[in-house]
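A quick write-up on the structure given underneath.
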Amino acid sequence: MIPTTDCPIGKTPALIVVDPQQTTPESNEAMSSGAGSVSGGRDAVMENINTVVTHARNADIPIIWGKEIHRADFADYGAEIESCEPEHGIAGTCAEQFDPILSVDETNMKPAEYIIEKRRYNFFHRTDIEHILRTYDIDTVILVGFMTNICVHYTAHGAHEHDYAFRVAKEATAAPTQDLHETGIKCMRYLQPRGIQNLDAITSSLDEYDGNELV
């Protein structure tokens, strides 16, 4: 059941890292976004993601790493072809790998850390994420990653529709423009006013958390 608490991480949290995939400096992919609630662009946001991940590991909560991946022939691209976004997440490109700034080894994942590939913005759309969340009796998902207005927003909406609380670390997410970042934050705050949190509030609460007993 969704927690009725002001705690920045809820009662039984998991961390979802949304689409922190590689891009190249010359790429105009939407995933190269760097506008957010912190100065320093994409790299600074990545370092903030690392910070949340470190605290989540120390708190012994599940961590789910996500990638939006599409087939090279666009057979699974669906209505995203109508989006104003450039092509993104194409199999066979660097987007198949996480950004090297991140503190994650895809070939040697830590206990209670998982990688999920998705085909749509919403992490809850036809993936096995709820199986994992139910295994650990999760009621709140902490969200970091890209992009604030698209995949983070739609994943927050998916969590909301599936009766989970969400908590977005606003300094650990970004969008292509400042306006889109702030619009994404505003839309998520409308869904769940407690859903937008400062990075320090989330990490401090993780430091005080007793850990998930299954982890």
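The values are calculated or read from the model by the stated rules, or taken from the named source; none is laboratory data. Since this is a predicted model, take the numbers as computed values, not measurements. Positions of Cβ are backbone-derived with ideal geometry, glycine not excepted, and every protein chain shown enters the neighbour counts. What goes into the accessible areas is simple: the full protein's heavy atoms, side chains included, and nothing from ligands, DNA or RNA. Shrake-Rupley method; radii C 1.70, N 1.55, O 1.52, S 1.80 Å.
Observations on the model:
- In a reduced charge model with +1 at each Lys and Arg Cβ and -1 at each Asp and Glu Cβ, the chain shows a dipole moment near 380 debye about its Cα centre.
- With loop membership from DSSP and a limit of 11 other Cβ atoms within 10 Å, the longest segment of the chain without GluC sites (Glu not before Pro) is 27-212.
- Estimated 222 nm signal from helices in the chain, with DSSP H stretches of n ≥ 4 weighted -39500 (n - 2.57), rounded to 500: -8500 deg cm²/dmol
- Here the mean projected area of the convex hull built on the C-alpha positions of the stretch 29-114 is 6.9 nm².
- Normalised per residue, the accessible area of the chain is 46 Å², obtained with a 1.4 Å probe and no contribution from ligands, DNA or RNA.
- Across SER37, SER205, the residue with the most accessible area heads the list, and the full order at a 1.4 Å probe is SER37, SER205.
- Among ARG126, ARG57, ARG189, the order of accessible area from largest down is ARG126, ARG189, ARG57, computed with a 1.4 Å probe on protein heavy atoms.
- Largest-first ordering by accessible area, 1.4 Å probe, given options LYS186, LYS110, LYS170, LYS67: LYS186, LYS110, LYS170, LYS67
- In the assembled protein chains, ASP179 presents an accessible area of approximately 100 Å² (probe radius 1.4 Å).
- For the chain, with +1 on Lys and Arg beta carbons and -1 on Asp and Glu, the positive-most of PRO193, ILE101, ALA174 along the dipole: PRO193
- Cα convex hull of the chain, projected area averaged across orientations, nm²: 10.9
- Relative contact order of the chain, defined on C-alpha pairs under 8 angstrom at six or more residues apart (%): 33
- Beta bridges assigned by DSSP with both partners in the stretch 1-138 are antiparallel in approximately 10 percent of cases.
- Compared with the dominant principal axis of the Cα atoms in the chain, helix 178-191 is inclined by about 40°.
- When a 1.4 Å probe is rolled over the protein heavy atoms, the share of accessible surface on the chain that falls to carbon and sulfur comes to 47 percent.
- In the context of the full protein assembly, HIS162 retains an accessible surface of approximately 70 Å², using a probe radius of 1.4 Å and ignoring ligands and nucleic acids.
- Taking the longest Cα principal axis of the chain as reference, the axis of helix 199-208 is set at about 40 degrees.
- The stretch 116-215: C-alpha gyration tensor shape, a/c 1.5 cut-off, then a/b vs b/c: oblate
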